[in-house]
């Protein structure tokens, strides 16, 4: 059996990259059953279908939609992985653009140095940074970004699943679920905006001690 399926968008999804976890059997579900199996609301399933989630049979003439769980699971994992890559690409792009301004500022403030002075200054700066890193005063930006990305993935998943939890826990109507979904989407948009406004714009390390880096004015 082929592991490749073509989505409505024309993209090809490789199911072998996102297999079902061990012990989970593949099944065919209707819309309500799939919503329960994926711990989301029927409203969310409908949105996912509109976004291109694979449908085994679209039904008609009184027949309900049918979904193959393994296809829907793979599509969800593929979609979330793509969104994580897009976020990282945006962060990388913002960091690269920030270096344009950092380099300009450094050139304006830095006096002319001989090659020997540049080498000595660089070596001294490296020693200061390593010592500060060992004390815990400095941490590498890549590590901070990696941890922050992991935290944001967990936060995003929790916010996205909140409307579904509210529906199941309190029996919300589809209108109320949609209203809660819009509210949660607003939280995610505000969070993304805040992170972009606070993008890291220093060098290789970030000062977490609350003060300035050692050796810098």
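Rounded to the nearest 0.05, what FRET efficiency is calculated for residue 175 and residue 146 with R0 set to 45 Å and r the Cβ-Cβ distance?
Details: r = 40 Å, r/R0 = 0.88.
That pair, residue 175 with residue 146, gives E of 0.70.
Calculate the FRET efficiency for residue 128 and residue 76 from the Cβ-Cβ distance with a Förster distance of 45 Å, rounded to the nearest 0.05. Each step should come with its number before you reach the end.
Working: r = 47 Å, r/R0 = 1.04.
So the FRET efficiency works out to roughly 0.45.
If I model a spin label as a point 7 Å beyond the Cα along the Cα-Cβ vector, how far apart are those points for residue 4 and residue 47 in nm?
About 3.2 nm, to one decimal.
FYI, it's all coordinate maths here, none of it is from the lab. What you are looking at is a predicted structure, and each value in this text was computed from that prediction instead of being measured. Here the Cβ is made from the backbone with ideal geometry for all residues, glycine too, and neighbour counts use every protein chain on show.
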